[in-house]
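The values are calculated or read from the model by the stated rules, or taken from the named source; none is laboratory data. On a predicted model such as this, the values are computed, not experimentally measured, just so you know. A quick note on method: Cβ atoms are made from the backbone with ideal geometry, for glycine too, and the neighbour counts reach across all protein chains shown. We work out accessible area using only protein heavy atoms, side chains counted, and drop any ligands, DNA or RNA first. Shrake-Rupley method; radii C 1.70, N 1.55, O 1.52, S 1.80 Å.
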Amino acid sequence: MEDKKSPADSTVTLAHIMSAHDTNLYGTVHGGVVMKLVDDAAGAAAARHAGCPAVTASVDRMSFIAPARVGDLLTVNAQVEYAGRTSMDVGVRVTAERWNAPGPATEVVTAHLTFVAVDADGTPHAVPALVPVTPEERALHEHAAKRRAERAASRAASRGQGGA
């Protein structure tokens, strides 16, 4: 295992053309289809960073900004934004554009997920440190650190109030 990696080392891009099988009753792409693509890309990014399998621990936020439709080419970009001892926060951005025509891409979803690296027995596995290089990577890293702190505070408050 390497000691340190940059966010760029984990970057994953998936692209998929949406078909009629992907739609809901409203004629737009079903949110669950997009959620699977988000989880697939985020999981691949986490596994790249960890150098071993990684499992979804939580979805911190998934915001649906605009609908996607049949014939849209969805591009899913994922990157590790923060790494703890065994867990990683992954940011995901999904855009849509027509499959057969150039033009501006529309942002359709943003998401943040947490993954835990695991060994063959499913035991949490240590991951390399994340070293942000660019100003954008550093800003994403800071935001992810704040989300992690908020999650920890929320868990502590829940335990203190008899929550799970």
Turns out the strands (runs of 3 or more DSSP E) fully within the range 1-84 with at least 2 residues that are touching a strand residue (DSSP E or B) at 6+ places or on another chain (Cβ under 6 Å) and closer than 23 Å to Ala126 by Cβ are 54-64, 72-83
Residue count, the range 2-32, condition open to solvent by 40 Å² or more (accessible area, probe 1.4 Å) and either β-branched (Val, Ile, Thr) or in contact with a helix residue (DSSP H, G or I) (Cβ under 8 Å, 6 or more places away or on another chain) (or both), comes to 10
Here the residues within the range 33-69 that are in contact with a His (Cβ under 9 Å, 6 or more places away or on another chain), of a type in the set (A, V, I, L, M) and surrounded by fewer than 17 Cβ atoms within 10 Å (Cβ to Cβ) are Val59
**Message:** When you scan the range 81-91, do you find a residue that is of a type in the set (D, E, K, R), open to solvent by less than 40 Å² (accessible area, probe 1.4 Å) and either closer than 21 Å to Gly51 by Cα or in contact (Cβ under 8 Å) with a residue 24 or more places away in the chain (or both), even just one?
**Reply:** yes
Exception for Gly103 within (1) at negative phi; (2) free of Cβ contacts under 8 Å to residues at least 12 places away in the same chain falls at (1)
